[in-house]
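Reading through the structure tokens given below for one structure.
Each value in this text was obtained by applying a stated rule to the coordinates, not by laboratory testing. What you are looking at is a predicted structure, and each value in this text was computed from that prediction instead of being measured. A quick note on method: Cβ atoms are made from the backbone with ideal geometry, for glycine too, and the neighbour counts reach across all protein chains shown.
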Amino acid sequence: MHLKAPLPEELSDHEFAAFDRRQRNSFFNRERDWLKDNNPSHPQVVTIDRRDAGDMIVRALSGLPEVAFAPEQEALLETVFFLWLHDDDWKPPCK
């Protein structure tokens, strides 16, 4: 089953606006496909920015079974992910 939704306003001026469903899937999966598939047609090196890496991590985590965390652990994870995904200057603390 494919859900249909209107194109988000923030993407209306992007090349994405002209994509059909297959092209959109390809667009969003390009880094994942490069990482997973050892296809000779893929480039040898791909630059993956922090946001794309975060998207891949979140998508991978969403496939895992739900785990209950203590409230303080959950708050810490949410804060770390938020900072890592949204603040380009943030670095994890060193021990």
Summing Lys, Arg as +1 and Asp, Glu as -1, what charge do residues with Cβ under 15 Å from the Cβ of residue 68 carry, residue 68 excluded?
-4
Proportion of all alpha-carbon pairs of the chain beyond 19 Å (%):
61
Counting alpha carbon pairs within less than 8 Å and at least 6 residues apart, what relative contact order, in whole percent, applies to the chain?
21
For residue 42 and residue 87, what is the calculated FRET efficiency with R₀ set at 25 Å and r taken between the beta-carbons, to the nearest 0.05?
0.25
